[in-house]
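Please read the structure below before turning to the comments.
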2 protein chains.
Amino acid sequence: MGSIGIVSPQAMHFAEPLRLRSGAALGDYTLMYETYGTLNADKSNAVLICHALNASHHVAGHYADQPKSAGWWDNMVGPGKPVDTDRFFVIGVNNLGSCFGSTGPMHTNPATGKPYGAAFPVVTVEDWVAAQALLADRLGIERFAAVMGGSLGGMQALAWSIMFPERLRHCIVIASTPKLSAQNIAFNDVARQAILTDPDYRRGDFYEHGVVPKNGLKVARMVGHITYLSNDDMAEKFGRKLRNAAENNEYKFDFGIDFEIESYLRYQGDKFSEYFDANTYLLITKALDYFDPAREHGGNLAKALENTRAQYLVASFSTDWRFSPERSREIVEALLANRRKVTYAEIDAPHGHDAFLLEDARYMNIVRAYFERIAGEQKEAA
Amino acid sequence: MGSIGIVSPQAMHFAEPLRLRSGAALGDYTLMYETYGTLNADKSNAVLICHALNASHHVAGHYADQPKSAGWWDNMVGPGKPVDTDRFFVIGVNNLGSCFGSTGPMHTNPATGKPYGAAFPVVTVEDWVAAQALLADRLGIERFAAVMGGSLGGMQALAWSIMFPERLRHCIVIASTPKLSAQNIAFNDVARQAILTDPDYRRGDFYEHGVVPKNGLKVARMVGHITYLSNDDMAEKFGRKLRNAAENNEYKFDFGIDFEIESYLRYQGDKFSEYFDANTYLLITKALDYFDPAREHGGNLAKALENTRAQYLVASFSTDWRFSPERSREIVEALLANRRKVTYAEIDAPHGHDAFLLEDARYMNIVRAYFERIAGEQKEAA
């Protein structure tokens, strides 16, 4: 089991306008992507990995001369890893509206010659999937062995199986949900309000003013981060430990930092606000809020999944309170109502929603076994 | 069962400095309070009600000519109500640092002649209790029949039983906790960051600048509000309903309001930011974070409660995820370890943390029965 080694991103330019769910269109755009492993002769071993909120096309491997640049799912994807790049040709794509290379709000709006800013259209999970499908066309991939993602990435995998039922054999949906709850939306809206009311947001056109709504982004990230961690995990890691416990185990009686958890969250918030884009954050929370494939079927998820053809692996984590196992079971039940083949794993793991990104033997073994099955099927077919 | 009718607040001035846990002192201060019912001859029927985050001394009744000014626990306190003002003399006190009349950051700092602002000292639950005890002295109440509170108010009741074991016969702790969890502190710190980074906060001295950090307060309230409601209750009341569902059941594809839950939370946040004080919000979240009576006993809550003398009613609500029933059971177990008399009620109610303020027959009946028992004891003693 080795590392994937040095990787480089690639860019694919699309001149054809992309019609969006909102009715708007992106007239001209670029998708950044990376690939790992080798596409086989009959192009049947491609796996698409869809990313979640703050990730990108950089799924695995390292960039040259940047030893700390491991991809966000480097523990999952690589030679001999659960998604084995000795067997599979893996593709990571950066979604539209992101701040990691694909066309986003910080890029030049050809209509104005200025950065898009607030003019960047609101994009949906379905828009991302449509763009990913166009990239697959260009790469000559008619049908994926699997489309896979966690959290918001799982929504994209699910949407693939609905929008392009013939184009994937397996759909892998991890720590996800068929739609956000009112509580999920509420947390997203707190994050949005924090950004929108930051005076440096400048109605989305902060690029031109040479400022960044860092305070708003920081608060947005802090509240999001709380929902990624489990209550128990937070209690164990931080509890009520004081930051200065070693030297002086006293409260400070001001509004600075007393507790380790405050220090941790503020640090995470600060770090995030230095590299993430505020408009991207807004766009991604909206894509999350809007995802609801059952919506155009009167709320009937089974109906929404009626035309799917894929086989599914659905996995959830016991302490995930953002997208709890119950939400995954809704997907499983709707698939079973359609007599789809579904493997469901509810993994007892302490790390809340973040578990989908972390090393966990049971979790990794389940994904590994599932991909061995996929590889076995390919051999049979060959 | 009638209303308590028209009530008026009273002010008690204290010229003696109040020494605070932080080491600082408040040199001169006023406490606002209200009383309902009549103190009996032997002064044995007094009940102190401690308030939570955004409440005040105005526990019950209405102000003259303000029909919408019902006290925050008007369903609980009044003639024939669970805390029956025909039998008990009930006192509500506004805590120091509040924005509802007792000395707080918006009042003049005698040392500077300007509003305290950031110079207002950080106060603790124990400081509030100490001040309440001085008010009780002035009112000639040596021993309360009961000290009672919900949430942060419950912390005060618990602190009373520790700090002044001889001064209360019963201690009623509802929807509370012996200390905040890392997650509780994390949410408070998000709220604080939202306020502290609002440019209109002006390092706490916004009064002089004629501004108010409304955006920060709004975000702070929104995130707090989410933790007061249960996930299920939010799902039932709001779910994914669109605000414009009746006229046009479509997403808006902008960062305005799509969902009812957004509309509700933003409205609550706006309303709150118009009447609440940002410094008070900071102070109260710190008082919450700091409360931890077990702290000076090596984390041993039973040890912290060793010298208590009161009898206890502890109540929690099944869907309260802010201060879950588990946290109340910690209190109960520590009391039982000291062989204290404890009645514990875990009430199956859908409304999350807010349930302690709401009408619920089982809840009201438990409190009513408990106060009938208190009244019965008084007769016996008489």
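Limited to region B:210-219, what total is found for residues that are buried (at least 23 other Cβ atoms within 10 Å of the Cβ) and more than 9 Å from every other protein chain (Cβ to nearest Cβ)?
2
Hey, among the residues in region B:85-124 that are β-branched (V, I, T) and out of contact with any strand residue (DSSP E or B) (no Cβ under 9 Å at 6 or more places or on another chain), which one's surrounded by the most Cβ atoms within 10 Å (Cβ to Cβ)?
Applying the filter and picking the extreme gives B:T124.
For region A:133-154, what are the residues that are surrounded by 24 or more Cβ atoms within 10 Å (Cβ to Cβ), within 18 Å of the chain's Cα centre (by Cα) and among the hydrophobic types (A, V, I, L, M, F, W, C)?
Result: A:A146, A:V147, A:M148, A:L152.
What are the residues in region A:276-308 that are charged (D, E, K, R) and in contact (Cβ under 8 Å) with a residue 60 or more places away in the chain, if any?
Once the filter is applied, which keeps residues that are charged (D, E, K, R) and in contact (Cβ under 8 Å) with a residue 60 or more places away in the chain, region A:276-308 yields A:D277, A:K286, A:D289, A:D292, A:R295.
Identify all residues within region A:284-321 that are aliphatic (A, V, I, L, M) and within 29 Å of A:D233 (Cβ to Cβ); write none if there are none.
Across region A:284-321, the qualifying residues are A:I284, A:A287, A:L288, A:L313, A:V314, A:A315.
(1) over 23 Å from A:M163 (Cα atoms); (2) in a helix (DSSP H, G or I): which one isn't true of A:L39, the others all being true?
With (1) over 23 Å from A:M163 (Cα atoms); (2) in a helix (DSSP H, G or I) applied to A:L39, the lone miss is (2).
I want to confirm something. Restricting to region A:183-204 and keeping residues that are facing chain B (nearest Cβ under 7 Å) and more than 20 Å from A:G352 (Cβ to Cβ), which single residue is surrounded by the fewest Cβ atoms within 10 Å (Cβ to Cβ)?
For region A:183-204, the residue satisfying everything is A:P199.
Step by step: first the residues of region A:228-269, then only those that are part of a helix (DSSP H, G or I) and more than 10 Å from chain B (Cβ to nearest Cβ), then the one that is farthest from B:A194 (Cα to Cα). Which residue is that?
Taking the candidates together, the pick is A:Y228.
Within 29 Å of A:G376 (Cα to Cα) and among the aromatic types (F, W, Y): does that describe A:F88?
yes
Restricting attention to region A:191-218, report how many residues are among the β-branched types (V, I, T) and within 20 Å of the chain's Cα centre (by Cα).
Going through region A:191-218 one residue at a time, the tally reaches 0.
Give the residues of region A:8-42 that are of a type outside the set (A, V, I, L, M) and surrounded by 19 or more Cβ atoms within 10 Å (Cβ to Cβ), sorted by residue number.
The answer is A:Y29, A:Y33, A:E34, A:T35, A:Y36, A:G37.
A:L180 fails exactly one of the following numbered conditions: (1) aliphatic (A, V, I, L, M); (2) facing another protein chain (nearest Cβ under 9 Å); (3) part of a helix (DSSP H, G or I). What is the number of that condition?
(3)
Quick check, is A:A130 surrounded by fewer than 17 Cβ atoms within 10 Å (Cβ to Cβ) and either more than 10 Å from A:L26 (Cα to Cα) or more than 14 Å from every other protein chain (Cβ to nearest Cβ) (or both)?
So A:A130 fails the test.
If we keep just the residues of region A:270-283 that are assigned to a helix (DSSP H, G or I) and away from chain B (no Cβ under 12 Å), which is nearest to B:Y251 (Cα to Cα)?
Looking at residues that are assigned to a helix (DSSP H, G or I) and away from chain B (no Cβ under 12 Å), I get A:T280.
Is one or more of the residues making up region B:44-58 over 30 Å from B:A369 (Cβ atoms) and out of contact with any Phe, Trp or Tyr (no Cβ under 6 Å at 6 or more places or on another chain)?
no
Residues of region B:358-377 being without any contact (Cβ under 8 Å) to a residue 60 or more places away in the chain and hydroxyl-bearing (S, T, Y), which ones?
If the condition is that a residue be without any contact (Cβ under 8 Å) to a residue 60 or more places away in the chain and hydroxyl-bearing (S, T, Y), then B:Y363 is the only one that fits.
From the list B:Y207, B:Y267, pick out the single residue that is within 26 Å of A:L283 (Cα to Cα) and surrounded by fewer than 22 Cβ atoms within 10 Å (Cβ to Cβ).
That would be B:Y267, the only listed residue that is within 26 Å of A:L283 (Cα to Cα) and surrounded by fewer than 22 Cβ atoms within 10 Å (Cβ to Cβ).
Would you mind stating whether A:A157 is surrounded by 19 or more Cβ atoms within 10 Å (Cβ to Cβ), touching a Ser or Thr at 6+ places or on another chain (Cβ under 6 Å), more than 8 Å from every other protein chain (Cβ to nearest Cβ) and not aromatic (F, W, Y)?
It is false that A:A157 is surrounded by 19 or more Cβ atoms within 10 Å (Cβ to Cβ), touching a Ser or Thr at 6+ places or on another chain (Cβ under 6 Å), more than 8 Å from every other protein chain (Cβ to nearest Cβ) and not aromatic (F, W, Y).
Any read-out appearing in this document is the output of simple, stated calculations on the displayed coordinates, not a laboratory observation. Every value quoted in this text rests on a predicted model; they were computed, and no experiment measured them. Using ideal geometry, Cβ is built from the backbone for each residue, glycine included, and neighbour counts are taken over all protein chains shown.
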